[in-house]
Amino acid sequence: MNDNRDMIREVILVAVGEVICVGIMLGVFALVGHFDVRALLGGLLGGLLAAGNYFLMAVGVTAASKKAAQQDVSGAQRTLQLSMAGRYVLLIALLVVAAISDYFNLIALLLPLLFVRPIITIGEFFRRSGDSKV
């Protein structure tokens, strides 16, 4: 149960970080004069896809770690591989559909996918010393 709490905490951290980073990104878009509905929709969808991808990754890693704890190492490896492949196929398909639709600013759509790593890194600075890592 503790693994699920840690996973949920990390997913919430990434989701809140995405909201903040997308807000800052849209503010920069407005400052340079490129803010419009397409930028707003791109930022919203990009942030949602980034947080959703991280959530699905966390679920896959948790499932694989449970299998590994039961001494099913090959099953854990297979779970991780299927999780990664499935997430990438889904993410790429959604990004291609969004790009083709022309409703989304491509830069605003893709930038939130790059925010996850800095969000996690910054979150480490605020982690209490007794908290466990995911």
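Here, each number is a calculation from the coordinates, and none is a lab measurement. None of the values given here were measured: they were computed from a predicted structure.
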If you look at just the Cα atoms of the stretch 2-121, how large are its Rg and its Dmax in Å? 16.4, 56
So which helices of the chain fit the span-like rule, where a helix is a whole DSSP H run, its Cα atoms reach 30 Å or more along the axis, and its mean Kyte-Doolittle is at least -1.0? 2-31, 37-69, 73-101
